[in-house]
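Enquirer: Dropping the structure in here first, questions after.
The values are calculated or read from the model by the stated rules, or taken from the named source; none is laboratory data. On a predicted model such as this, the values are computed, not experimentally measured, just so you know. Note: ideal-geometry Cβ built from the backbone for every residue, glycine included; neighbour counts use all protein chains shown. Just the protein is used for accessible areas: all its heavy atoms, side chains included, with ligands, DNA and RNA removed. Shrake-Rupley method; radii C 1.70, N 1.55, O 1.52, S 1.80 Å.
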Amino acid sequence: MNKIILFLLCFLLGSSFSTFAQGRDREIKISRQQESPVKTVKVRGKGKIKNVVFMIGDGMSLAHMYSTWAANKGKLNLENCQTVGLAKTYCCDRLITDSGAAGTALATGHKTRYHAVGVDPEGKPLLTLTDLAAAKSKSTGVVVTCRLNDATPAAFCAHNSDRDQAEALIADYAGCGVDFIFGGGKRYFCERKDGRNILEEMKALGYQTPENQEQLNAIQTGKVLAVWADHDLPRPSVRKEMLTESTMKALELLSQNKKGFFLMVEASQIDDYGHANQLDPLVEEILDFDRTIGKVFEWAAADGETLVVVTADHETGGLTLVGGSLPEGEIIGKFSTGDHSGVMVPVYAFGPGAELFTGIYENTDIFEKITGMFTVPSVLASRQLLIWLNT
């Protein structure tokens with residue numbers, strides 16, 4: 001009897017694994033019934049760089065972008081970029097990185113260990129682009145569609161050797177000094193095992209805490225902490241224009257600083273849908289990101305002193321476009337994995353300084369390219385002596 005039960009279990013498990021493997025290799029077909037609007041935007045001259053908007057598509061590769069371009073019938077706002085480069089994504093202890101190590105490379109210019117955020121391989125805190133901007137009295141912002149304790153926003157605002165330490169990462173926000181913070185993860189602020197209420201602590205530090213878009217839009221000046229979901233934000237079909245509207249509000253408030261600003265914007269859930277091998281919501285998330293990119297390009301073109309850099313931390317899902325119809329906005333894709341892959345990721349640049357982002361380079365070089373435009377000595381760190389130029 002035991003042998004029969006064991007045989008049945010092995011048969012069922014084998015069937016499950018076989019079905020799972022077949023699902024990885026199967027073709028997924030989607031058609032977009034409604035096109036996402038695209039506008040041509042041109043840079044006006046080559047001004048000085050006063051502001052930087054750093055936009056990250058978590059898990060986004062060339063295959064993701066091209067598939068979305070095809071699904072949108074051959075149009076993306078991202079095509080307004082003047083230059084394109086390629087970045088290598090490996091971390092210091094693995095060939096295939098995660099968002100913690102990759103986000104840290106982008107935020108700090110340091111390769112670090114898999115699963116670490118905002119720290120070096122020995123666990124020592126690193127200065128981030130938000131720190132360096134604030135050191136020159138520039139305003140700073142972080143806008144994401146995930147929970148704020150997730151790896152990428154945490155890499156810009158927190159420091160921990162383990163990205164899974166949710167409460168510890170959120171506690172770091174109280175001391176990060178970032179002026180505009182938007183994302184999810186409210187329960188990690190208010191329903192904590194240590195009894196702290198980080199939301200109230202940040203209110204005491206002068207942060208305004210709007211609870212919806214209407215309240216956020218009403219804010220005219222000052223620091224903002226907008227946390228509207230217990231976990232990640234819902235998908236674009238549910239949250240509507242939340243990413244675009246919050247990003248534009250961040251630009252409105254941060255640009256009040258005459259010395260300039262640094263803003264990081266992440267379309268976080270491209271990665272989630274890549275892990276799940278769900279092509280339709282993945283394309284939906286990228287189109288939402290692209291609409292936001294288009295609005296940022298328009299703002300930056302009018303401003304004339306804003307560099308916009310768009311990239312990814314790594315690729316997720318091993319997506320391949322294998323068929324479809326451009327006139328119909330139909331695509332057929334295959335995923336090769338439910339995890340990250342090791343391909344290089346694109347780096348797009350728009351605005352003054354965009355020409356510096358061509359070529360093939362390390363992901364840490366993106367940090368260096370941004371800070372290299374502002375070479376002024378600082379006593380803040382031994383290696384990171386590059387901080388924002390007086391503008």
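Enquirer: Expressed as a rounded percentage, what relative contact order does the stretch 135-239 have, with Cα pairs under 8 Å and six or more residues apart? Walk me through the numbers before you get to the answer.
Expert: On the way: 163 pairs, mean separation 31.5, N = 105.
Over the stretch 135-239, the number comes to 30 percent.
Enquirer: Counting alpha carbon pairs within less than 8 Å and at least 6 residues apart, what relative contact order, in whole percent, applies to the chain?
Expert: Details: 888 pairs, mean separation 116.2, N = 391.
Relative contact order for the chain comes out at 30 percent.
Enquirer: Moving on. Shape of the stretch 196-320 from its Cα gyration tensor (a ≥ b ≥ c, root eigenvalues): rounded if a/c is under 1.5, otherwise prolate when a/b > b/c, or oblate? Could you put the intermediate results ahead of the total?
Expert: On the way: a/c = 2.05, a/b = 1.31, b/c = 1.57.
Judged from the Cα gyration tensor, the stretch 196-320 comes out oblate (a/c at least 1.5, b/c at or above a/b).
Enquirer: Rounding to the nearest 20 debye, state how big the charge dipole of the chain is about its Cα centre with +1 on each Lys and Arg Cβ and -1 on each Asp and Glu Cβ.
Expert: Values: 40 positive and 47 negative charges, 131 e Å.
Magnitude of the dipole: close to 620 debye.
Enquirer: Please go through the stretch 138-221 and write out the trypsin sites (Lys or Arg not before Pro) that DSSP classes as loop and that have at most 14 other C-beta atoms within 10 Å. Intermediate results must be reported in sequence, preceding the final value.
Expert: Details: sites: K138, R147, R163, K186, R187, R192, K193, R196, K203; in loops: K138, R163, R192, K193, R196.
For trypsin sites (Lys or Arg not before Pro) across the stretch 138-221 that sit outside H, G, I, E and B with at most 14 neighbouring Cβ atoms in 10 Å, the list reads K193.
Enquirer: What distance in nm separates the two pseudo spin-label positions at E328 and A168, each 7 Å out from Cα along the beta-carbon direction?
Expert: My value for the distance between the label points is 5.2 nm.
Enquirer: While we're on this one: Rounded to the nearest 20 debye, what is the charge dipole size of the stretch 195-344 about its Cα centre when +1 sits on each Lys and Arg Cβ and -1 on each Asp and Glu Cβ?
Expert: On the way: 12 positive and 25 negative charges, 112 e Å.
I would put it at about 540 debye.
Enquirer: Sticking with this structure for a sec: Name the residue from I286, T364, S325 whose Cα lies farthest towards the positive end of the charge dipole of the stretch 259-383, charges +1 on Cβ of Lys and Arg and -1 on Cβ of Asp and Glu.
Expert: T364
Enquirer: Next up: Label the stretch 20-120 by shape, choosing from rounded, prolate and oblate, from the square roots a ≥ b ≥ c of the eigenvalues of the Cα gyration tensor; if a/c is under 1.5 it is rounded, and otherwise prolate applies when a/b is larger than b/c, oblate when it is not.
Expert: Working: a/c = 2.94, a/b = 1.09, b/c = 2.71.
Oblate.
Enquirer: With r as the distance between the Cβ atoms of K42 and T221 and R0 = 41 Å, compute the FRET efficiency 1/(1 + (r/R0)^6) and round to 0.05. Can you show the working numbers first?
Expert: Numbers: r = 31 Å, r/R0 = 0.76.
In this case the efficiency is close to 0.85.
Enquirer: Continuing with the same structure: When the accessible area of the chain is computed with all protein chains present and a 1.4 Å probe, what percentage of it is carbon and sulfur? Each step should come with its number before you reach the end.
Expert: On the way: 8590 of 16220 Å².
With neighbouring chains kept in place, the figure for the chain is 53 percent.
Enquirer: Among (1) 61, 20, 20; (2) 37, 21, 20; (3) 33, 26, 21, which one is semi-axes √(5λ) of the Cα gyration tensor in Å computed from these coordinates?
Expert: Checking each listed value against the structure points to (3).
Enquirer: Between C92 and T337, what length in nm is gained on full extension when 0.36 nm per residue of separation is reduced by their alpha carbon distance? Numbers along the way, then the final one.
Expert: Working: separation 245, 0.36 × 245 = 88.20 nm, distance 2.23 nm.
Gain on stretching C92 to T337: 86.0 nm.
Enquirer: Can you find, among I181, T311, Q82, the residue sitting farthest towards the positive end of the charge dipole of the chain, where Lys and Arg contribute +1 and Asp and Glu -1 at Cβ?
Expert: Farthest towards the positive end: Q82.
Enquirer: On to the next question. Between K240 and Q82, what length in nm is gained on full extension when 0.36 nm per residue of separation is reduced by their alpha carbon distance?
Expert: Values: separation 158, 0.36 × 158 = 56.88 nm, distance 2.88 nm.
So the extension gain works out to 54.0 nm.
Enquirer: Kyte-Doolittle mean at least 0.5 and Cα extent at least 24 Å along the axis: which DSSP H helices of the chain qualify? Can you show the working numbers first?
Expert: Details: long enough: 2-25 (35 Å, 0.86); 279-303 (35 Å, 0.13).
Length and hydropathy pass: 2-25.
Enquirer: Here's another thing I want to ask about it. In the chain, with Lys and Arg counted as +1 and Asp and Glu as -1 at Cβ, which of these residues, T130, M60, W228, has the Cα nearest the positive end of the dipole, that is, farthest along it?
Expert: T130
Enquirer: Just subtract the alpha-carbon distance of E191 and E305 from 0.36 nm times their residue separation and send over the number in nm, one decimal. Don't skip to the answer; put the middle values down first.
Expert: Numbers: separation 114, 0.36 × 114 = 41.04 nm, distance 4.16 nm.
Length difference between fully extended and current span is 36.9 nm.
Enquirer: Here's a follow-up. Could you work out how far the C-alpha centroid of the stretch 244-313 sits from that of the stretch 52-90, in angstrom?
Expert: If you average the Cα positions of each part, the centres end up 12 Å apart.
Enquirer: Under a Cβ-only charge scheme (Lys and Arg +1, Asp and Glu -1), can you give me the dipole magnitude of the stretch 245-334 about the Cα centre, in debye to the nearest 20? Please report the intermediate quantities before stating the final value.
Expert: Numbers: 6 positive and 17 negative charges, 80 e Å.
Charge dipole, the stretch 245-334, about its Cα centre: 380 debye, nearest 20.
Enquirer: Sequence neighbours fewer than 8 away in the same chain don't count; with that in mind, list the aspartates and glutamates whose C-alpha is under 19 Å from K42.
Expert: Filter leaves E79, D290, E298, D303, E305, E355.
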